[in-house]
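Structure first, then comments.
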Amino acid sequence: MRRMGSAEAWRDTKVGMWAWLLQRVAAVGLVAVIAAHLKNPFARPVQAALLALVLFHGLLGVRAILLDFGLPVRWHRLLFLLALLVGVVAFAAFWRWRWY
Amino acid sequence: MVLKVFRWSPGSRERLQKYWVKARHGMTVLDALVELQRNSDATLAFRYACRVGMCGSCAMVVNGRERWVCRTLLSNLARGPVTVRPLYQFPLIRDLVVDMAPMKNKMLEMKAVFVPGRRAMAGDGFAQIGSRSRERRAIDAAIECIGCGMCVSACTMVSHDPRFPGPAALNRVFTLQRDSRDGAHAGRSQAVLAEDVLTRCHGQANCTAVCPMEISPTDSILALRRRAVLRLLGIGPR
């Protein structure tokens, strides 16, 4: 069996697995950050983390939905890259736009 | 060149044994293993047949990635020792040889066996589906599976959930569900709706990444899932 604790099991971790794993990590991160945000909604680092994690988690989810709805799986690496790029651009745009 | 080869036999401990091989131009990992067996260690067990990238029986894990060792040139691997292990997810028989029976059993559990239906016969012979027909094109790539087991080895969900049938069995189910000559669509549709089947695939596409026949079992599973959803909504085919 593949032992996930061994270095070799992670040696050939592929893009699709990273996309899946990072979306889950972002979800766990969101739970912690939302709790911190509810305690003090005005802390800028928490706001930044919340925005980054929401974008990251959501856009990777959009990628998964597009594949579920029939986009060919051969595009999944491109979709992962696009999700990351759109996330960075959207983060920069939101962060520059001071809405309060 | 140093080869670190996985060794195990019943009653002994798993270990990586180091061997030295003189790498020649055009030498594959299989060539190296054959040379080791002939000249250094006759007890080394591994499986191969055609040696020319046709049969798929020499599937192993080389430097962490599933590959057919007869197609893997030593010169194409990263510098440093080359690690050769048996496929993951399958029970070990000895050294690099694994028992492929679980994959066959999963196929049987999923009823991934052709059952002639009402449209199986045409005239005096077996009905044929034209190579240019829509039905054939939908499964064209997926029917090329030769059962080497690399997709199963690479699948993290098989590792996580032993009840998950795995990419090879579900790819086979997909081809049969789209075959109008098959008469067991309803039973198979029911089988894939079980808790640990279609919903268990997380679309990581490891299977697609390693398939030497360039099949995408992930696409097959997602197509089955869409079909199952439509069926549950009462608007899709059986």
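Applying the criteria of a DSSP loop state and at most 14 other Cβ atoms within 10 Å to the chymotrypsin sites (Phe, Trp or Tyr not before Pro) of the range A:22-78 yields A:Phe42, A:Phe69. Across peptide B:55-62, the mean count of Cβ atoms from other chains lying within 10 Å of each residue's own Cβ comes to 1. Rounded to the nearest 20, the size of the Cβ-charge dipole of the range B:101-232 about its Cα centre is 420 debye, with Lys and Arg at +1 and Asp and Glu at -1. Candidates B:Phe90, B:Phe6, B:Ala78 compared by Cα position along the dipole of the range B:2-98: farthest toward the positive end lies B:Ala78, with charges placed on Cβ.
Can you sort B:Cys70, B:Cys155 from fewest to most other Cβ atoms within 10 Å of each residue's own Cβ?
B:Cys70, B:Cys155
Cysteines in chain B that lack a partner Cβ within the 4.7 Å cut-off: B:Cys58, B:Cys70, B:Cys145, B:Cys148, B:Cys155, B:Cys201, B:Cys211. Each helix, a run of at least 4 DSSP H residues, gives -39500 (n - 2.57); summed and divided by the residues of chain A, these come to -25000 deg cm²/dmol at 222 nm.
Under the shape rule built on the C-alpha gyration tensor, where the axes satisfy a ≥ b ≥ c, chain A is oblate, since a/c reaches at least 1.5 while a/b does not exceed b/c. Site-free segments of chain A were taken between trypsin sites (Lys or Arg not before Pro) in DSSP loops having at most 15 other Cβ atoms within 10 Å, sites themselves excluded; the longest one is A:12-97.
With a Förster radius of 56 Å applied to the beta-carbon distance between B:Met121 and B:Leu16, the computed FRET efficiency rounds to 0.55.
Which trypsin sites (Lys or Arg not before Pro) in the range B:1-86 pass both tests, a DSSP loop state and at most 10 other beta-carbon atoms within 10 Å? The qualifying sites are B:Arg13, B:Lys22, B:Arg79. Would the range B:137-214 count as rounded, prolate or oblate if I go by the C-alpha gyration tensor, calling it rounded below 1.5 in a/c and otherwise prolate when a/b exceeds b/c, oblate otherwise? Verdict is oblate for the range B:137-214. Couplings 3J(HN,Hα) of the range B:184-199, computed from phi: 10, 4, 5, x, 5, 4, 5, 4, 6, 7, 4, 4, 9, 10, 5, 6 Hz, in residue order, whole Hz [Karplus 6.51 cos²θ - 1.76 cosθ + 1.60, θ = phi - 60°; x for Gly and Pro]. Show which lysines lie in cross-link reach of B:Lys4 when reach means a straight Cα distance below 24 angstrom and same-chain residues fewer than eight apart are skipped. Qualifying lysines at Cα under 24 Å: A:Lys14, B:Lys18, B:Lys22.
Taking amide H atoms as placed 1.01 Å from N in the peptide plane, the amide H of B:Thr83 lies under 5 Å from those of B:Lys4, B:Asn63, each 5 or more residues away in sequence or on another chain. Taking a ≥ b ≥ c as the square roots of the Cα gyration tensor eigenvalues, with a/c under 1.5 meaning rounded and otherwise prolate when a/b beats b/c, else oblate, which class fits the protein assembly as shown? Taking the square roots of the gyration eigenvalues as a ≥ b ≥ c, the protein assembly as shown is oblate.
Candidates A:Gly58, A:Val46, A:Leu82 compared by Cα position along the dipole of chain A: farthest toward the positive end lies A:Val46, with charges placed on Cβ.
Based solely on its DSSP helices, what 222 nm [θ] is calculated for chain B when runs of n ≥ 4 H residues each add -39,500 (n - 2.57) and the sum is averaged over all residues, nearest 500 deg cm²/dmol?
Values: 9 runs with 76 residues, N = 238.
Rounded to the nearest 500, it is -9000 deg cm²/dmol.
The calculated Kirkwood hydrodynamic radius for the range B:33-82 is 11.9 Å, given to one decimal from all distinct C-alpha pairs. Put a dot 7 Å past the Cα of B:Leu232, heading toward its Cβ, do the same for A:Arg24, and the two dots end up 2.1 nm apart.
Restrict the search to the range B:105-195; then list the chymotrypsin sites (Phe, Trp or Tyr not before Pro) that DSSP places in a loop and that have at most 15 other Cβ atoms within 10 Å of their Cβ. Write out the running numbers ahead of the final one.
Values: sites: B:Phe114, B:Phe126, B:Phe174; in loops: B:Phe114.
Filter output for the range B:105-195: B:Phe114.
Computed over chain B with a Gaussian network model linking Cα atoms closer than 10 Å, the most mobile of B:Asp140, B:Asp179, B:Asp124 is B:Asp124. Within the straight-line cut-off of under 24 Å between alpha carbons, none of the lysines are reachable from B:Lys106, sequence neighbours fewer than 8 places apart in one chain being disregarded.
Scalar couplings 3J(HN,Hα) for the range B:159-174, obtained by applying the Karplus form with A = 6.51, B = -1.76, C = 1.60 to θ = phi - 60°, are 5, 7, 10, x, 7, 5, x, x, x, 5, 5, 6, 5, 5, 4, 4 Hz; x denotes Gly and Pro. Using C-alpha pairs under 8 Å with a sequence gap of at least 6, the mean separation divided by the residue count of chain B gives a relative contact order of 17 percent.
Could you line up A:Leu85, A:Leu30 from fewest to most neighbouring Cβ atoms inside 10 Å? Provide the component values of the computation, followed by the final result.
On the way: A:Leu85 11, A:Leu30 18.
So the residues, fewest neighbours to most, are A:Leu85, A:Leu30.
Just so you know, all these numbers are worked out from the coordinates, no wet-lab data involved. Small disclaimer: the values here were computed from a predicted structure and weren't measured. All Cβ positions, even for glycine, are placed from backbone atoms using ideal geometry, and neighbour counts span all protein chains on display.
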